[in-house]
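Here is the structure we will look at.
The values are calculated or read from the model by the stated rules, or taken from the named source; none is laboratory data. Small disclaimer: the values here were computed from a predicted structure and weren't measured. Neighbour counts are summed over all protein chains in view; Cβ atoms, including those assigned to glycine, are modelled from backbone coordinates with ideal geometry. Each accessible area value is taken on the protein alone, full model and side chains, heavy atoms only, with ligands, DNA and RNA left out. Shrake-Rupley method; radii C 1.70, N 1.55, O 1.52, S 1.80 Å.
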Amino acid sequence: MEQRQLGRSSLKVVPLCFGGNVFGWTIDEPASHRILDAFVDQGFNFIDTADVYSHWAPGNSGGESETIIGSWLKGRSDRDKLVIATKVGMEMGPGKKGLAPAYIRASVEDSLRRLQTDYIDLYQSHADDPETPFEDVLATYQDLIDQGKVRAIGASNISAARLRDALDVSARTGLVRYESLQPQYNLFDRAGYESELEPLCLENGIGVITYYSLASGFLSGKYRKPEDAGKSPRGQGVVSKYLNDRGRAILAALDEVAAQLHATPTQVALAWVIARPSVTAPIASATSLEQLEDFVGAAKLGLDRASIDRLDEASRG
């Protein structure tokens, strides 16, 4: 399967990343391990999680996803072939958030312990922290890289102006730079990324790994009428946000292209993101082996120009 360089780092990833937010939330540990085994067996190598996953679920405190991935990693002999990404900075409890050097240093040790690994391939700032100077944040990451605990760093939930500031600090000081950006991006949610972040990433060779790549499942075609809101816990929010005239037009285009290519709407929606020149890999989650088949199809589905143009036209606005 094709591998792409992540930014200017040494990391090489297959152009689809598994989103580990579901581990310890909507699927338990045995099911998570089965999914991960199948994912890697199909030739994928890129897994994304965060220390905060899944702090929001009743009874959870955060770290559940990393712990499940760690117990899975412990039983494998191919750690060097996998790219494990996690994040720091979202609130884990009172006083436990942000990118202060002491907090990053404590958090990385917690993540390494939960993941049962000696190093994190991609360590990401989960949210921008305007209270901590980039010089301090990047110097801390530089130390972790020098210690061999982290291979590359990335940013998420950051504005184009702030990302440019961070890159300027790296250029001026010689400190490690953000090699990746994790923005929200899909066929429906386009403007926030395409307007300012995308040109900046292209200009600076920043790798891009997109979250909500299927618009919380809407682009799978699962939610086509208001009554479909009951199909999942997040269904009501999905329907209220996406099920409008533009959303229906996008679904119609996905159906049309999928029929032409003998694919599914999910595969086409992910393949559209994969085909975006600025994108390294979309992130998507699965809770069943059947859903995982769509990942395989998406990674192998090369969209022609006419299909991309049809989807672009339907999703403008």
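The listed residues are Leu16, Leu99, and the only one of them that is touching a Leu at 6+ places or on another chain (Cβ under 8 Å) and not β-branched (Val, Ile, Thr) turns out to be Leu16.
Residues in the stretch 59-109 that are within 19 Å of Asp48 (Cβ to Cβ), open to solvent by 60 Å² or more (accessible area, probe 1.4 Å), of a type outside the set (Lys, Arg) and not in a loop (DSSP other than H, G, I, E, B): Thr67, Asp80.
Within the stretch 244-263, the set of residues being of a type outside the set (Val, Ile, Thr), closer than 13 Å to Phe218 by Cβ and either touching a Cys at 6+ places or on another chain (Cβ under 9 Å) or open to solvent by less than 30 Å² (accessible area, probe 1.4 Å) (or both) comprises Gly247, Leu251, Leu254. Considering only residues in the stretch 4-45 that are of a type in the set (S, T, N, Q), open to solvent by less than 20 Å² (accessible area, probe 1.4 Å) and not in a helix (DSSP H, G or I), the one that is farthest from Lys81 (Cα to Cα) turns out to be Ser9.
Every residue, every condition in (1) more than 29 Å from Ala269 (Cα to Cα); (2) of a type in the set (Val, Ile, Thr), yes or no:
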{"site": "Thr140", "(1), (2)": "yes, yes"}
{"site": "Ala160", "(1), (2)": "no, no"}
{"site": "Arg172", "(1), (2)": "yes, no"}
{"site": "Pro183", "(1), (2)": "no, no"}
{"site": "Ser195", "(1), (2)": "no, no"}
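Applying the selection to the stretch 264-296, what residues are small (Gly, Ala, Ser) and either over 23 Å from Tyr223 (Cβ atoms) or open to solvent by 20 Å² or more (accessible area, probe 1.4 Å) (or both)? Hits for the stretch 264-296 are Ala275, Ser278, Ala281, Ser285, Ser288. Scanning the stretch 110-123 for residues that are open to solvent by less than 80 Å² (accessible area, probe 1.4 Å) and part of a helix (DSSP H, G or I) returns Asp110, Ser111, Leu112, Arg114, Leu115.
Take Ala50 and tell me if it is at pLDDT 95 or above, small (Gly, Ala, Ser) and more than 19 Å from the chain's Cα centre (by Cα). So Ala50 fails the test.
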